[in-house]
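The values are calculated or read from the model by the stated rules, or taken from the named source; none is laboratory data. As the structure is a prediction and not an experimental result, all values here were calculated from the model. Reconstructed Cβ throughout: ideal geometry from the backbone, glycine too, with neighbour counts over all protein chains shown.
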Amino acid sequence: MSNKVDATKMNEATKRELKPKLRFPEFRSAPEWKTRRLGDLLLNHPDYGVNAPAVPYSENLPTYLRITDISDDGHFLSDKKTSVNIDITDGNYLSEGDIVLARTGSVGKSYKYRKEDGKLVFAGFLIRIKPDHSEVNSTFLFNFFYTRQYWNWVAITSARSSQPGINANEYAMLPIPTPPHNEDRDDLLEQQTIADCLSSIDALIAAQTQKLDMLKSHKKGLMQQLFPSLEEARG
């Protein structure tokens, strides 16, 4: 009962908070945002991955994407790749723009497919959503899955049983705040502007992280040379 009350309060709050605190100048006079169900922004109903165990990685088998292969910031962890050994159809592979969401375990965790990650087959504990690009920008949508509003919804929705989880039907009902757009022209300009802004920050973070990793590696190499080796001294 309490979960239903909390969900109702959250939906009401979502409807009240349809004007972002920060908006790009060119959109400040545009109409306020609207709340739409995730299912209405997709090409089809959210679907589940394949139900099969992982096997050691092989170049002759499809690469498997499991919840544990997704980092907290939504990247594919390729250092410990595994494969799946079953008959695969084209529909089992992720496509550009596809997003997967964890339905159990690390409930709510998300990953947006990138071609540079190679061909991936997603596992059964993940749910795939295929954004309708005439309704929603996939990068804009993916960033929503890192907002406090989303994680509040996950906490409420997944707490309905002793085994936390969110199924495909529940994900389809997820309220998504979206800017207004001209349906005649499929104009997603504000979504695209937000997506581009956040993507540029992600690129900057990635560049700085790479520099930090290089500095750490450089320091490690220096330490090996600046401190005498006891092993060599014994020799």
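Overview of results
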| read-out | value |
| --- | --- |
| Verdict on GLY74 being under 24 Å from PRO175 (Cα atoms) and outside any strand (DSSP E or B) | yes |
| Residue count for region 99-116, restricted to those that are surrounded by fewer than 18 Cβ atoms within 10 Å (Cβ to Cβ), touching a residue at least 12 places away in the same chain (Cβ under 8 Å) and not hydroxyl-bearing (Ser, Thr, Tyr) | 3 |
| Options TYR150, TYR111, TYR146, TYR171; residue that is in a loop (DSSP other than H, G, I, E, B) and under 16 Å from the mean Cα position of the chain (by Cα) | TYR146 |
| Tally, over region 126-136, of residues that are of a type outside the set (Val, Ile, Thr), modelled with pLDDT of 95 or more and either in a strand (DSSP E or B) or in contact with a Gly (Cβ under 9 Å, 6 or more places away or on another chain) (or both) | 4 |
| Region 15-36 residues that are charged (D, E, K, R), paired with ones that are modelled with pLDDT under 90 and not in a strand (DSSP E or B) (beta carbon under 7 Å, 6 or more apart) | GLU32/LEU18; GLU32/LYS19; LYS34/LEU18; LYS34/PRO180 |
| Sole residue being touching a strand residue (DSSP E or B) at 6+ places or on another chain (Cβ under 9 Å), loosely packed, with under 15 Cβ neighbours inside 10 Å, at pLDDT below 95 and not aromatic (Phe, Trp, Tyr), chosen from LYS9, LYS15 | LYS15 |
| Whichever residue in region 48-69 is within 18 Å of ALA168 (Cβ to Cβ) and surrounded by 13 or more Cβ atoms within 10 Å (Cβ to Cβ) and, among such residues, is farthest from the chain's Cα centre (by Cα) | VAL50 |
| Residue, modelled with the lowest pLDDT, within region 155-195, restricted to residues that are charged (D, E, K, R) and farther than 13 Å from THR104 by Cβ | ARG185 |
| Cross-chain or 6+ apart pairs with Cβ under 7 Å, region 78-95 first and over 14 Å from ALA52 (Cβ atoms) and assigned to a helix (DSSP H, G or I), then at pLDDT 90 or above and not basic (Lys, Arg) | SER78/ASP117 |
